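The structure under discussion appears below in the form of structure tokens.
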């Protein structure tokens, strides 16, 4: 199977992209904190994988074609789940799901009261699907100081009540986040019924739908598979969506463009992520390209590469490191390594387009 793997960098010059329920080292009762990983006395801000996936889902929802194939969500008391039908819904296919209807009276009452449930796919047993799209927690390249900003709720005007301003405080930071990415291209559009947790994608109802829809039956894998054209139709918007990412907390006070400042991706024969050590922290926590790590990694893993190395690096974002990366990749060209270096959005569109190429035919086998 082929995997599109690598990482992205998000530049957060003065931001609070993912807030915590309880602020660490809070000085005020109503202080809003940011999520932090602590090692000793040092703190590294992070953005949870759940938050990142929410940003991506929200970005994709702006695409009318994707939105038309987004699964509805149903609730039972305190439980929520999607329709869990990857044949019909693109997000159920690529982001995974778990659905098992509750047997308690409260759950049955919730189902009975949900008028929108008429559109739900029937369920003949529990179904689960591990996500073909995987993302790691986005963590600051280096520990950083968290700043506390003091403010007040105070307005002037004839309609304001008299009294003292209400103080509040919130935390923010300056950081560059790095997050790992992986998309299992072979599992996108492939739905199994093995009975194993995470792989019981289809129950009897959904298997019947797969047969009626004319999906290929891959009996050896106990699976049904969409056509290559249909799979590309789903995967391409997801890849392009990474280059148009939007989201993040505290945008009214710390507007931050969360589109990737840099991405490094490659299609490989396995799910390993060989590029993860190419960029780390340099002086004062700034991104640093480790050219020796790049060369060693590529020479060790290039026999598994099925594509060029796709590099997206925004001009103006640490241009010296971009130049170092280009020089190292040009040196490796003499050893048969190919690469693409453009703007991150352009590169991600390039990858999506390559899915339909002759070279991309093997990625979805």
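Couple of notes before you dig in:
- With a requirement of 2 or more residues that are in contact (Cβ under 8 Å) with a residue 40 or more places away in the chain, the strands (runs of 3 or more DSSP E) lying completely within the range 1-80 that satisfy it span 3-15, 36-39, 42-47.
- Residue satisfying condition, being over 24 Å from the mean Cα position of the chain (by Cα), part of a helix (DSSP H, G or I) and within 27 Å of residue 53 (Cβ to Cβ), within set 206, 299, 240: 206
- Of everything in the range 57-81 that is touching a strand residue (DSSP E or B) at 6+ places or on another chain (Cβ under 7 Å) and buried (at least 20 other Cβ atoms within 10 Å of the Cβ), the residue that is farthest from residue 190 (Cα to Cα) is 74.
- Each residue in the range 315-326 was checked for being part of a loop (DSSP other than H, G, I, E, B), surrounded by fewer than 19 Cβ atoms within 10 Å (Cβ to Cβ) and either on the phi < 0 side of the Ramachandran plot or touching a residue at least 24 places away in the same chain (Cβ under 8 Å) (or both), and 2 pass.
- Of the residues making up the range 269-284, at least one is in a helix (DSSP H, G or I) and exposed (fewer than 14 other Cβ atoms within 10 Å of the Cβ).
- Test: residue in the range 299-307 that is touching a strand residue (DSSP E or B) at 6+ places or on another chain (Cβ under 9 Å), within 29 Å of residue 44 (Cβ to Cβ), surrounded by fewer than 18 Cβ atoms within 10 Å (Cβ to Cβ) and at pLDDT 95 or above: yes
- Per-region count, the range 167-185, residues in a strand (DSSP E or B) and within 17 Å of the chain's Cα centre (by Cα): 9
- Any hit, the range 330-339, residues being assigned to a helix (DSSP H, G or I), surrounded by 13 or more Cβ atoms within 10 Å (Cβ to Cβ) and touching a residue at least 24 places away in the same chain (Cβ under 8 Å): yes
- Qualifying residue in the range 83-91 (condition: modelled with pLDDT of 90 or more, more than 18 Å from residue 120 (Cβ to Cβ) and either assigned to a helix (DSSP H, G or I) or under 15 Å from the mean Cα position of the chain (by Cα) (or both)): no
The values are calculated or read from the model by the stated rules, or taken from the named source; none is laboratory data. Please read these numbers as outputs of a predicted model, since none were measured by experiment. In this analysis, Cβ positions are derived from the backbone assuming ideal geometry, glycine residues included, and neighbour counts consider all displayed protein chains.
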